[in-house]
Amino acid sequence: MLFFPAKAKKAHMGRKKMGDRRRRQILAGLLEAMQQRGLQRCNMSDVARAAGVSRGILHYYFKNKDEMIGALVAHLKERYYPDFRERTTQIDDPEAQLRESLWYPVQTFGQDGAALAKVWIEFWGLAAHHAEVHAFILELQQLLRAHFSRIIQAGVESGVFHRERQPERCASIILAALEGLILQWHFNPEGLSFVDELKVLERMLERYLAAGA
């Protein structure tokens, strides 16, 4: 059994915390560089500048942009999906739970959410030739479909939603509508209000799912 003196152990933990903070700082810089220049156009210098670090520090933590993208995928998955689940699943009422799920992106990223939308579009383009990004998008879509399906099923079983509504099909349509809004808004942010369109989607779902519909 190895023995680590208390001071050495404390120093090791301090370096680990500093390393974690530095990695998060660099990943935040990658997100900013992606928003400003797009993933294909931004390079390591752009990321270092956005993160406020030298290229030497950047290369100390990541060998190349592909490695950073893989780390970013893991960071987004670990940071946001558990928060989404915690905030939405603690609600008992299916209608309120569905509403909270629909509005989570706006509540979390602000009313414009420009950075998130651009990164999501960039990921779609990258998925065809980046295995980690492809797996991330596929996993996230599966998780979200299952999440919305559970909400619809609970609503049907409790009599809140129409008994003939099919949970899995409804979940796929909800996800498709949300992704479609992100795509349209990304290409036409001045002509389309994501918040206003989300309100329309919410009202449409309320009417379609209502038990008396």
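The values are calculated or read from the model by the stated rules, or taken from the named source; none is laboratory data. This one's a predicted model, so the numbers in the text were calculated from it and none came from an experiment. Backbone-built Cβ (ideal geometry, glycine too); neighbour counts: all protein chains shown.
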Open item on the list: Can you confirm whether Glu168 is among the acidic types (Asp, Glu), modelled with pLDDT under 90 and assigned to a helix (DSSP H, G or I)?
Closed with: no
Task: Qualifying residue in the range 174-196 (condition: over 30 Å from Leu30 (Cβ atoms) and either surrounded by fewer than 14 Cβ atoms within 10 Å (Cβ to Cβ) or not assigned by TED's automatic domain parsing to the domain that holds Thr88 (or both)) - done: yes
Open item on the list: Of the residues Ile91, Ile121, only one is outside any helix (DSSP H, G or I) and either polar (S, T, N, Q) or assigned by TED's automatic domain parsing to the domain that holds Ala154 (or both); which?
Closed with: Ile91
Open item on the list: Of the residues Ile121, Ile137, Ile91, only one is within 26 Å of Leu205 (Cα to Cα), β-branched (Val, Ile, Thr) and over 17 Å from the mean Cα position of the chain (by Cα); which?
Closed with: Ile91
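Between Val156, Val133, Val200, which is part of a helix (DSSP H, G or I), aliphatic (A, V, I, L, M) and over 21 Å from Leu98 (Cα atoms)? Write out each step before concluding.
Details: Val156 fails: over 21 Å from Leu98 (Cα atoms); Val200 fails: over 21 Å from Leu98 (Cα atoms).
After applying the criteria, what remains is Val133.
Within the range 48-67, can one find any residue that is of a type in the set (A, V, I, L, M) and assigned by TED's automatic domain parsing to the domain that holds Val195? Even if it seems obvious, please write down each step before you answer.
Of the range 48-67, the ones of a type in the set (A, V, I, L, M) are 48, 50-51, 53, 57-58.
Applying the additional criterion that residues be assigned by TED's automatic domain parsing to the domain that holds Val195 yields none.
No, there is no match, as no residue in the range 48-67 is of a type in the set (A, V, I, L, M) and assigned by TED's automatic domain parsing to the domain that holds Val195.
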Task: Top-ranked residue in the range 165-213 [being without any contact (Cβ under 8 Å) to a residue 60 or more places away in the chain and of a type in the set (Asp, Glu); ranked as nearest to Arg145 (Cα to Cα)] - done: Glu168
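Quick check on my filter: what residues within the range 94-107 are surrounded by 14 or more Cβ atoms within 10 Å (Cβ to Cβ) and either at pLDDT 85 or above or within 10 Å of the chain's Cα centre (by Cα) (or both)? Explain how you work it out, then say what you get.
At the first step, the residues of the range 94-107 found to be surrounded by 14 or more Cβ atoms within 10 Å (Cβ to Cβ) are 94-95, 97-106.
Selection gives Pro94, Glu95, Gln97, Leu98, Arg99, Glu100, Ser101, Leu102, Trp103, Tyr104, Pro105.
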- [ ] Hey, could you check the range 60-84 for residues that are surrounded by 14 or more Cβ atoms within 10 Å (Cβ to Cβ) and not hydrophobic (A, V, I, L, M, F, W, C) and say which is modelled with the highest pLDDT?
- [x] Tyr61
Open item on the list: So Leu39 passes all but one of these: (1) outside the structural domain of Glu122 (by TED's automatic domain parsing); (2) touching a residue at least 40 places away in the same chain (Cβ under 8 Å); (3) touching a Ser or Thr at 6+ places or on another chain (Cβ under 8 Å). Which condition number does it fail?
Closed with: (3)
